[in-house]
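I have placed the structure first, in the form of structure tokens, so that the comments after it can refer back to it.
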Amino acid sequence: MEHDAAAAPPTAYDEAARPERHPALATRLPVGLGRLTLAIVAILLVSGGGIALMVAGPLFGRPLITPGERFPATLAVIARGFDARAGLPVPIWLGVVAVLGAAAVAGSVKHMRRHRRDDYKGRFRAWGWLACLLTLSAWSAVVPLGPLVATGLTEATGISAGPAGVGWWVGLAGIAFTIVLPWAVLPLRERAGTAWWCLLAAVAWGTAAAMPWVGAFVGGDARGAVIGLAAWSAGAGLWLVAMLTAARSVIREVRGEGTAVSRSAKRNRRADPRNNDADAEPAAEAGYEADDADDSYDDGWETGSENDRAGDASDYEEPVDADADEAQSPSHRRKLSKAERRRLRKLARMNGEAA
């Protein structure tokens, strides 16, 4: 089963799927491993740095930005920008930008995946739905979309799911992501990296969603709110990393650079008759360790006619002495392998019988 999957032909795409035929975003996405690594490191550093500045004071009592003798007013303004208790701090705004960027990348992936020739079930639409979910998530950080849904469903059903009905919003969002994410990620050839980043992002947002229950249970909303904001911001950066990883995987599929493609290319190269001599040596030496003079050894020369064998043997009428040939012209002769020596001896015997 694994052999059949590895030997599967490369996935066929129409020319319209190539990133060069899409909006400029597809041509600027990092495809090389080095560029993608640099992008991931930059995203994680910016996200982690903003979170550290935001939580250092409320959680550890040691704010990283304190007014000094020089530029005290400027430093005070910067400190207020990272204060989790004053409106929306800078890390949340950075998270909104990251989530919107992830939605844009998901939309670009959708435009490329729609041109797969075997996508008969319309699986490319999952990336459009994922882009919509990410966009709604970004809006929920700056507008009261979650409280609106929670309050409306609480009044409509008379059931308050969680503190202030927040369970309605969390439940609907969780169900939507649980349906859309596997639908989008599983068909990818190189899906492991994307799946792991999506899982980390989902865990971060799940932690942020659980903070209202934790705060209500322990009776401390201040620290829980700060942790929730930090977790949401971290998840936003991870979603952007996940979408960049997915875009790289799809672009590699479109260009025929996937792992399965390279394996099938290697098998096709081994099947090429011009490469049989080089590929047959290891197999011959590993599979035929019997006595060199074994007449029952069949290396493929027994299938031809007598004329073919005589013609093939005429190319080897010189003495079959590898050591002597190597001593006569070491710069022009290479040392014969065990399989080649057995083959030449076999041809010599066949040539003698034909004569």
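The values are calculated or read from the model by the stated rules, or taken from the named source; none is laboratory data. If you're wondering where the values come from, they're calculated on a predicted model, not measured in any experiment. Because the Cβ atoms are built from the backbone with ideal geometry, glycine has one as well, and the counts that use them run over all protein chains shown. These area figures cover heavy atoms from the full protein model, side chains too; ligands, DNA and RNA do not enter into them. Shrake-Rupley method; radii C 1.70, N 1.55, O 1.52, S 1.80 Å.
Select from region 174-198 the residues that are free of Cβ contacts under 8 Å to residues at least 60 places away in the same chain and outside any helix (DSSP H, G or I) and write down the one among them that is nearest to the chain's Cα centre (by Cα). Ranking the qualifying residues of region 174-198, first place goes to ARG191. Surrounded by fewer than 23 Cβ atoms within 10 Å (Cβ to Cβ) and of a type in the set (S, T, N, Q) - does that describe any residue in region 215-238? No, every residue in region 215-238 fails to be surrounded by fewer than 23 Cβ atoms within 10 Å (Cβ to Cβ) and of a type in the set (S, T, N, Q). Looking across GLY128, GLY146, one residue alone is open to solvent by less than 20 Å² (accessible area, probe 1.4 Å) and more than 18 Å from MET211 (Cβ to Cβ). It is GLY128. Of the helices (runs of 4 or more DSSP H) entirely within region 17-99, those holding at least 3 residues that are under 30 Å from ARG113 (Cα atoms) occupy 24-28, 33-60.
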